[in-house]
Amino acid sequence: MTETDFISMALTVIATILGSIAVMLAILHWRGERSIKESIKILLGEKTYNALPSLPTTLSVGKITVIIGRSRVISAVSDMFNRAQKGDVVFGACRNCMNLENDFFGNLVTAISRGAKPEILIPMNRSNVEFVRRAIQIDGMEIRDGDMGNLRLIGILNKEVVLAFAQGNDGTYLGLHVPEKGITNDIYLSFKETFSQSPIITQSDIDGMNS
């Protein structure tokens, strides 16, 4: 399955099940056909949007929460770690894993200590080496060298998933929190296919980046 096929499948499944305009706007946003501001204007209506003192940070549309901004998406993921329990599979894929807040790691470590099992895909490159160096020291962490293309995601199997999309080169983020078991599990199946075929990152891989 190609990157385009995967993203289209994931968003189409969500849109079909939840019937949410937010998801369709996310598809347009990912394709570069609409900016975040244009998407929010459609969600709220032009009159309400023009009356806003600033761009909203979150919006609830049906069961989906739309999150604007990378730091807020990371915070939502960090909060999700707090809901992971013994036996839960926490799965995720990122592209650029720099500048993550300490709460992100702290809450992930706590989730692992409760018995959650993390499965993480990350491209092994110089930009991500510090994240990998820190994460590989966490007992129970399994990190593999790979990604899901331009799609960023973190989820808890059978529970919920956060999908994130970056706009252009300015780092603007649009996140979608989807608390739906069926959707989460469909996305996990595609994630797991890539994860299973990707090599495990070892300390020697990290050392090789520094040589």
Answer with yes or no whether Asp79 is modelled with pLDDT of 65 or more, more than 14 Å from the chain's Cα centre (by Cα), assigned to a helix (DSSP H, G or I) and of a type outside the set (A, V, I, L, M).
-> no
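Please find, within region 136-155, the residue that is farthest from Ala166 (Cα to Cα) out of those that are buried (at least 21 other Cβ atoms within 10 Å of the Cβ) and among the aliphatic types (A, V, I, L, M).
Residue satisfying both the conditions and the ranking: Ile143.
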Which number in (1) surrounded by 13 or more Cβ atoms within 10 Å (Cβ to Cβ); (2) more than 16 Å from the chain's Cα centre (by Cα); (3) under 19 Å from Pro179 (Cα atoms); (4) not polar (S, T, N, Q) marks the one condition that Lys86 misses?
-> (1)
In region 87-124, how many residues are over 22 Å from Asp147 (Cβ atoms) and among the acidic types (Asp, Glu)?
-> 2
Which residue pairs have Cβ atoms closer than 8 Å, lie 6 or more positions apart in sequence or on different chains, and pair a first residue in region 135-146 that is under 17 Å from Ala93 (Cα atoms) with a second residue that is of a type in the set (Gly, Ala, Ser)?
-> Met141/Ala135; Ile143/Ala135; Arg144/Ser198; Asp145/Ser198; Gly146/Ala93; Gly146/Ser198
Can we say Met98 is among the aliphatic types (A, V, I, L, M) and either buried (at least 18 other Cβ atoms within 10 Å of the Cβ) or under 15 Å from Thr184 (Cβ atoms) (or both)?
-> no
Do the conditions hold for Phe165, that is, is it hydrophobic (A, V, I, L, M, F, W, C), in contact with a strand residue (DSSP E or B) (Cβ under 7 Å, 6 or more places away or on another chain) and modelled with pLDDT under 85?
-> yes
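The values are calculated or read from the model by the stated rules, or taken from the named source; none is laboratory data. Keep in mind it's a predicted model, so treat the numbers as computed, not measured. Counting neighbours? That spans all protein chains shown, and the Cβs are built from the backbone with ideal geometry, glycine included.
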